Amino acid sequence: LAVHALSPVTRIRSRNPLSKMKSRLSSSARIMLIALIFAGHVAAQLRSGGEVVEMVDGKTVIVAIPSGRMTIELQHIEVPEPGQQLYESVKEHLKKFLVGNVVEVQPRTVMRGKTIGRLLLNGVDVSQQMLRDGAAWHSPDSQNGKSQEERNLYKDAETKAKQERRGV
């Protein structure tokens, strides 16, 4: 009795399994698209704190958080690679600066088992401090998601270190 109450078009659509699958896919696709759009914005807003417990290299550290450990790469900077001149000096500088200290983590991107973002030690952006100390250089290739103000802060820190002939 209820089937007869439906219009002929509705009855045809409801019998066609492809139309149901199409609507499910389009709904799923819409949800995925929305999730992808907001994922970067949400990640940028997530903040957590933890103790730096280990160094990986001159710009990557392991942070102990309540749920485990996070591998964090400092955003917007480059440092000497293993085997390059000053690599060990830069790594040791970051180690003295961070290991054993509690930092705030502001993730920007998650990729290949690590989180790229900002580390704050007592409110100071560690990437900017590394630039200011001459232990890193600004990575202009990492402009994605960086405001003009943030670009200027990083560039200014690097410029001051160069003027004072500090580090790398």
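The values are calculated or read from the model by the stated rules, or taken from the named source; none is laboratory data. Because the structure is a prediction, the values reported are computed rather than measured. Because the Cβ atoms are built from the backbone with ideal geometry, glycine has one as well, and the counts that use them run over all protein chains shown. These area figures cover heavy atoms from the full protein model, side chains too; ligands, DNA and RNA do not enter into them. Shrake-Rupley method; radii C 1.70, N 1.55, O 1.52, S 1.80 Å.
Screening the candidates Glu73, Glu104, Glu78 for the property of being modelled with pLDDT of 50 or more and in contact with a Phe, Trp or Tyr (Cβ under 7 Å, 6 or more places away or on another chain) yields one hit, Glu78.
Quick one: is Lys155 of a type outside the set (A, V, I, L, M, F, W, C) and open to solvent by less than 60 Å² (accessible area, probe 1.4 Å)? Considered against the rule, which asks whether it is of a type outside the set (A, V, I, L, M, F, W, C) and open to solvent by less than 60 Å² (accessible area, probe 1.4 Å), Lys155 comes out as no.
In segment 63-98, the qualifying residues are those that are β-branched (Val, Ile, Thr) and open to solvent by 20 Å² or more (accessible area, probe 1.4 Å), and the one that is nearest to Ser139 (Cα to Cα) is Thr71.
Residues checked against (1) at pLDDT 55 or above; (2) more than 15 Å from Thr115 (Cβ to Cβ):
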| position | (1), (2) |
| --- | --- |
| Arg30 | yes, yes |
| Ala44 | no, no |
| Val61 | yes, no |
| Ile65 | yes, no |
| Arg69 | yes, no |
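Annotation note: Cβ proximity below 6 Å between a residue of segment 116-139 that is among the hydroxyl-bearing types (Ser, Thr, Tyr) and a residue that is open to solvent by 40 Å² or more (accessible area, probe 1.4 Å) (sequence gap 6+ or interchain) occurs for Ser139/Glu78. Does Ala157 satisfy being more than 15 Å from Thr60 (Cβ to Cβ) and of a type outside the set (Lys, Arg)? When the stated conditions are applied, Ala157 passes them.
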